[in-house]
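Have a look at the structure below before the remarks.
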Amino acid sequence: MSEIITYNLNLSNTTSDEYYENIKKIANTVSTELVNEYSDVLDDYMMFQKISSHEKVRTKQEYGLEVLLIGVLWNSYIEKVLSIKPPLFKKLIHKTNSASLELTLDNFKKLIDYLEASKEFIEEVKRLEVWHKYLYNLSNEELVSFLKSASSFSIKFSYKCDELLGKYLPNLDAYLNALPQNKEDIFLCSKNKEQYYLNMVGAEIMNIAFLEDFKNTKGKMIILPGCMVLNKEDCQAKPTKWGNSCTGCTFNCPVNKINRVVNDNNIDVYIVHHESDLYKNAQLDDENIGIIGIACVLNLLSGGWKATRIGLIPQCVLLEYCGCKHWHEKGIGTNININELLSKIKV
């Protein structure tokens, strides 16, 4: 079994099928609960989107996921946000008299500014900024009720995930306790278990929400992370606008294996080494293209949201464990559940 850094989907060292059975169950449950509990709010928000034209109106499932995002990020960071003193982020975070956790629009904006300053929540901030505009129009009573409810829902969500998903984070607590606070990528690597759960469940909710559209796309491709390349120094992959295209230079490379497995399905396989390069050369007129994104847990939602923002139709498959140099000094090879990938291709 490969070294466990934070999470591992393949606890049996044979297959991660059990993880995918569990995540589908909990994602369906959570999505249904979000849509039911926030039905009126989501209807109102969708009308706001329609009138304000911030984006083409999406589904209740997708906006329900954003409510969960709000609750998780509020609970994860608001205390830290309100404890910050100048000069750190002094242009972004106004000094507060105390670390009050008041459910106010001002504190919600401070949270957004903090997340934006971290440079780690680019796609999340884009969505929270629109929610901020929507919340501005609510009465104070409605605002407090919404933020309190989102916070409470995310706490119950975490407890629910502990039961089914906690075992897939066997080394997270130890990793976080030993994490140097001066680590260059501290914002990414210090994310708590609630954000792991958010990405695990959120990615599956996104899979459900986009499945029918994905089935009907005119073309499909697979985007793989660079950590899956076996021989990085001698990799012969060729650059394209979507990423590097595998040429099959190393037979036992996981990328080459996937390339061979999907070859008969007329699906292109590309390698992207850095998340910042993801879809950076894609044009907005690249419509009706399905993307199967393979990513580490904490990059799942941001990658899926980035895809949808430029008009692509996403599905997600998780890496079995993390292994790039964000997490490991030398980097370790990573892999995926091939059966889960094939299930996306053959829908």
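The values are calculated or read from the model by the stated rules, or taken from the named source; none is laboratory data. Nothing here was measured: the structure is a model prediction, and the numbers come from that model. Heads up, the Cβs are rebuilt from the backbone with ideal geometry, glycines too, and the neighbour counts pull from every protein chain shown.
Residue pairs whose Cβ atoms lie under 9 Å apart, sitting 6 or more positions apart in sequence or on different chains, and linking a residue in segment 1-30 that is closer than 23 Å to Cys189 by Cβ to a partner that is basic (Lys, Arg), are Leu11/Lys167.
Return the residues of segment 50-67 that are at negative phi and either part of a loop (DSSP other than H, G, I, E, B) or over 22 Å from the mean Cα position of the chain (by Cα) (or both); say none if nothing qualifies.
The first filter runs over segment 50-67 and keeps only residues at negative phi, leaving 50-52, 54-67.
Result: Lys50, Ile51, Ser52, His54, Glu55, Lys56, Val57, Arg58, Thr59.
Here Glu275 clears all of (1) at pLDDT 85 or above; (2) within 30 Å of Asn28 (Cβ to Cβ) except the condition numbered (1).
When segment 280-324 is examined, which residues are found to be in contact with a Lys or Arg (Cβ under 6 Å, 6 or more places away or on another chain) and modelled with pLDDT under 75? If you could, list the steps in order and put the result at the bottom.
The first filter runs over segment 280-324 and keeps only residues in contact with a Lys or Arg (Cβ under 6 Å, 6 or more places away or on another chain), leaving 281, 288, 290, 292, 298, 315.
Of everything in segment 280-324, just one residue is in contact with a Lys or Arg (Cβ under 6 Å, 6 or more places away or on another chain) and modelled with pLDDT under 75, namely Asn281.
Restricted to segment 286-316, and to residues that are in contact with a Ser or Thr (Cβ under 7 Å, 6 or more places away or on another chain) and among the hydrophobic types (A, V, I, L, M, F, W, C), which residue is nearest to Asn266 (Cα to Cα)?
Taking segment 286-316 and keeping what is in contact with a Ser or Thr (Cβ under 7 Å, 6 or more places away or on another chain), we get 288-290, 313-314.
Within this subset, residues satisfying the condition of being among the hydrophobic types (A, V, I, L, M, F, W, C) are 289, 313.
Values: Ile289: 13, Ile313: 17 Å.
So the residue we want is Ile289.
Cβ separations smaller than 6 Å between residues 6+ apart or across chains give the following pairs from segment 320-347 residues that are free of Cβ contacts under 8 Å to residues at least 12 places away in the same chain to residues that are in a loop (DSSP other than H, G, I, E, B) and of a type outside the set (A, V, I, L, M, F, W, C): Lys325/Gly331. Given (1) surrounded by fewer than 17 Cβ atoms within 10 Å (Cβ to Cβ); (2) at pLDDT 95 or above, where does Lys110 come up short, assuming only one miss? Only one criterion is unmet by Lys110, namely (1).
Total residues in segment 315-347 satisfying the condition of being among the hydroxyl-bearing types (Ser, Thr, Tyr) and in a strand (DSSP E or B): the figure is 1.
Count of segment 1-27 residues, restricted to those that are surrounded by fewer than 15 Cβ atoms within 10 Å (Cβ to Cβ) and in contact with a helix residue (DSSP H, G or I) (Cβ under 8 Å, 6 or more places away or on another chain), is 4. Close contacts from segment 41-54, counting a first residue that is more than 14 Å from Glu66 (Cα to Cα) and modelled with pLDDT of 95 or more and a second that is among the basic types (Lys, Arg) and assigned to a helix (DSSP H, G or I), with Cβ to Cβ under 9 Å and a gap of 6+ residues or different chains, come to Phe48/Lys133.
Can you tell me which residue within segment 320-339, out of those that are in contact with a Ser or Thr (Cβ under 9 Å, 6 or more places away or on another chain) and over 15 Å from Asn171 (Cβ atoms), is surrounded by the fewest Cβ atoms within 10 Å (Cβ to Cβ)?
First pass over segment 320-339, keeping only residues in contact with a Ser or Thr (Cβ under 9 Å, 6 or more places away or on another chain): 320-324, 327, 332-337, 339.
Imposing the further condition that a residue be over 15 Å from Asn171 (Cβ atoms) reduces the set to 324, 333-337, 339.
On the way: Cys324: 20, Gly333: 14, Thr334: 23, Asn335: 18, Ile336: 22, Asn337: 19, Asn339: 11.
Within segment 320-339, the match that is surrounded by the fewest Cβ atoms within 10 Å (Cβ to Cβ) is Asn339.
Starting from residues that are among the hydrophobic types (A, V, I, L, M, F, W, C) and farther than 26 Å from Ser190 by Cα, keep the ones in segment 131-141 and report whichever is surrounded by the most Cβ atoms within 10 Å (Cβ to Cβ). Looking at residues that are among the hydrophobic types (A, V, I, L, M, F, W, C) and farther than 26 Å from Ser190 by Cα, I get Leu135. Number of residues in segment 238-277 that are of a type outside the set (S, T, N, Q), assigned to a loop (DSSP other than H, G, I, E, B) and either under 24 Å from the mean Cα position of the chain (by Cα) or over 19 Å from Ala295 (Cα atoms) (or both) equals 9. When you check Ala203 against the structure, is it in contact with a Cys (Cβ under 7 Å, 6 or more places away or on another chain), under 25 Å from Asp17 (Cα atoms), touching a residue at least 60 places away in the same chain (Cβ under 8 Å) and not polar (S, T, N, Q), yes or no? So Ala203 passes the test.
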